[in-house]
Amino acid sequence: MKRGTSLHRACRNSFGVSMVVLSVCACCFAPKIQAQIVQDENGNIPAIRHPEAIEPVIGTAWKQLQQRHLFDFSDSINTVVVDPVIQAHWGQTQGLEPDAIWDNIRGARFRARIDGMWYVGGELLERQGVASPMLGHWAAQNRIPGWGRSKLGRDNGSNTADNAYYDVSRARGWCGWSNSKWFIDAGIDALHIGAGNSSAFSSLEATPAPYVRVAHETGNHHSSIWLTRWIGTTRGPLGETAESLLNRSSALFAVQSWQAHPRILLQGVYSFVREKEASKAVGDWEGWADGDSYHAQRHWGGLELQFTRSLKASLPGTIYLQSALELVPRLGQTDPVLNNRKALTHLAGAKMGGKTFAIQIEYVTRTASHCRDCFGSRGADGSGAFESVGPARALLENGGVSVQSPWNKSLRLDATWNPWDLLSIKIHAEANDHFSWLTPEINRTIQTAWPLDAFAALTVGVIDSAPEALCFGFWQIGVRSGLLSY
């Protein structure tokens, strides 16, 4: 679909109307829980992530294969299961190059419960493909939400957002222990906070990172604290190795949850982030000399409010609000405006669902305070070199992707309707600071324990960040093993 054609003009004129109509229609549907993520009733990642018990299957060999783990080493006390992860789909675009897009993910996922107190799990995945436009936006920057740093290009080509060949791998794993009051776990994972898909603190699209966590639960209170290590995208000074290491940051999280009422949950979050590599002070900062060494850091946190109400006994609904802000101003600043505590990220969402349908709509926005060292001044006439007016803040990123939300602004709707046990119809729609897109999808479950689904989807959208808004479309068909959309 080329620019200037009647089809292109019609798409541009009608896309906004179609987006509204299909979004309204989507209110009859809702999202399905992703198998790769295990969340508790508040949306957080628990320390205990064990496989659900599967009753013995009675029937034909094919029926048993559809509902069993690939390898099951369980006994009367322990549960150990291993499943493959297979995702492969192919599609074709209109209005962009290349004409063909494809995605290939393969690996394995396992979970185990030992002696009723120890819990182990993880997955190892490899992925290659030629990106669709939304994914290509990230792959062209050598990063993919939920995965982290990615290789780009093949034979010195395929390296643009419209034609991005990418190659990436990911490891997740954890080991936990619990006596029903105390919880201890460690591993490599992204510890999501909150009821939404994105988060003002740590989202489902954050890159996995090594961590160690201790949690305690008593009555209506749940407390947890963990340490994690994030990796950046810029390299530090050349050391003893042939290639310098990437910059890293250490992060501390503390979360306190209080079930104030059966329908009201309040969560408080505090985090401290400190970059490992030292930076140099420049200019005349108050209390600093030019060339002084310091480590960029950030004290931040905020609150989440969840209000749960059931429209019917079988149709629970949740409204959730999150807000994160700077808790301590940067040191060495003389501008009182910059000294004020700044909001970082705001999120509002609502979801409801039952056995046959559910729906989730979510809005998230990040402010300019999310940046590292973009606060500064220029000459009075607007010319001259940019000069920072104070120390940099530590970035809230891991693997080049924000731990909160990939987009600066995003309004997203996800919906699924399950007319039959193994068949679902989904609609995904999003408008962010780069794209507006909508995807209807039909999904057929092939294997329930791994799980594995066959799907076909059609996407229409607009690249809003282009000099001239460009309408595009593409379709996809393939199989998917319970992985998030990115």
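Brief remarks on what is shown
- On inspection, residue 180 qualifies as at pLDDT below 90, open to solvent by 50 Å² or more (accessible area, probe 1.4 Å) and polar (S, T, N, Q).
- Applying the condition of being part of a strand (DSSP E or B) and of a type in the set (A, V, I, L, M) to the stretch 328-351 and asking which residue is modelled with the lowest pLDDT yields 343.
- Taken together, 288, 300 contain a single residue that is assigned to a loop (DSSP other than H, G, I, E, B) and aromatic (Phe, Trp, Tyr), which is 288.
- Some residue of the stretch 52-65 being open to solvent by 30 Å² or more (accessible area, probe 1.4 Å), at pLDDT 90 or above, over 19 Å from the mean Cα position of the chain (by Cα) and basic (Lys, Arg): no
- Of all residues in the stretch 99-111, those satisfying the criterion of being open to solvent by less than 20 Å² (accessible area, probe 1.4 Å) and modelled with pLDDT of 90 or more are 103, 105.
- Any chance residue 112 is in contact (Cβ under 8 Å) with a residue 12 or more places away in the chain, out of contact with any Leu (no Cβ under 8 Å at 6 or more places or on another chain) and under 18 Å from residue 49 (Cβ atoms): yes
- Contact map, the stretch 158-174: residues that are closer than 17 Å to residue 37 by Cα paired with residues that are at pLDDT below 70 and among the aromatic types (Phe, Trp, Tyr), Cβ distance under 7 Å, separation 6+ or inter-chain. No pairs are found.
- Restricting the stretch 117-145 to residues that are more than 19 Å from the chain's Cα centre (by Cα) and open to solvent by 40 Å² or more (accessible area, probe 1.4 Å), the residue that is modelled with the lowest pLDDT: 117
- Condition check for residue 86: within 23 Å of the chain's Cα centre (by Cα), within 23 Å of residue 453 (Cβ to Cβ) and open to solvent by 50 Å² or more (accessible area, probe 1.4 Å): yes
- Residues that are in a strand (DSSP E or B) and open to solvent by 50 Å² or more (accessible area, probe 1.4 Å), drawn from the stretch 352-368: 352, 357, 361, 363
The values are calculated or read from the model by the stated rules, or taken from the named source; none is laboratory data. Please read all numbers here as calculations on a predicted model, not as lab measurements. All Cβ positions, even for glycine, are placed from backbone atoms using ideal geometry, and neighbour counts span all protein chains on display. Note: areas computed on protein heavy atoms with side chains; ligands, DNA, RNA excluded. Shrake-Rupley method; radii C 1.70, N 1.55, O 1.52, S 1.80 Å.
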